[in-house]
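Notes follow the structure.
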Amino acid sequence: MRKIAKLPRILKIEQVKDLSVSVVFNNGQLRIIDFKRLFRELDLNDSDPESLLLNPDEFSKMQLVDYTLSWSNVEQFITLPDGKKAKVPYEIGPDVLYEFSNPLKNDISSRIGQMIREARKRSGLTQQQLASKSGTTRNYISRIENDHSGIELDTLRKIIEIGLGKKMELRIV
């Protein structure tokens, strides 16, 4: 049976600044896309219709359409099966956008990792001991502590309450 590739999708545009944009992908990662770099890699030149996007004012007219970035202000046409031409927005596939993006540190995730590390050390536990007590792996504990992995709420509760023997309190402020 063929494995179905999971394509990255953009769920939200967080911020647009000059020719870069920070977005949230469907894997939960907050990533920044440097379009100066992307346009260089695509060998964009002044005769290309999308060169209009080198102007930050035009670039900022992007919209999120079908989980990718789209610019209707770029003149681009396709030929339909009946031979007629149709104007379509300029889009770059989310897989390319993901490839040319870099992850941004997630403050909440980073703080959770620090809190787990500090509580683990105060309890005198190694990563292996905490992993064994909470039913995870030492590698997973290490990835959480070093902000290389997200964590599900149920797993976080298991690590805190079972592994560390502490109470978890969650507040939204």
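The values are calculated or read from the model by the stated rules, or taken from the named source; none is laboratory data. Keep in mind the model is a prediction, meaning the values are calculated, not measured. Don't worry about glycine lacking a Cβ; one is built from the backbone with ideal geometry, like all the others, and counts go over all protein chains shown.
Observations, loosely collected:
- Subset of the range 68-86 (residues that are of a type in the set (S, T, N, Q) and loosely packed, with under 10 Cβ neighbours inside 10 Å): Thr79
- Exactly one residue out of Lys12, Lys6 is free of Cβ contacts under 8 Å to residues at least 24 places away in the same chain and under 17 Å from the mean Cα position of the chain (by Cα), and it is Lys6.
- Hits in the range 75-131 - residues which are under 30 Å from Ser20 (Cβ atoms) and aliphatic (A, V, I, L, M): Ile78, Val88, Ile92, Val96, Leu97, Leu104, Ile108, Ile112
- Failed item, numbered, when Leu44 is tested on (1) over 19 Å from Gln76 (Cβ atoms); (2) free of Cβ contacts under 8 Å to residues at least 12 places away in the same chain; (3) of a type in the set (A, V, I, L, M): (1)
- Residue that is surrounded by the most Cβ atoms within 10 Å (Cβ to Cβ) [pool: residues in the range 58-67 that are touching a Leu at 6+ places or on another chain (Cβ under 7 Å) and either of a type in the set (Val, Ile, Thr) or not in a loop (DSSP other than H, G, I, E, B) (or both)]: Phe59
- Residue ID - modelled with the lowest pLDDT, chosen from residues in the range 148-173 that are farther than 16 Å from Ser109 by Cα and β-branched (Val, Ile, Thr): Val173
- Residues within the range 79-109 that are more than 11 Å from the chain's Cα centre (by Cα) and over 21 Å from Ser60 (Cα atoms), tallied: 11
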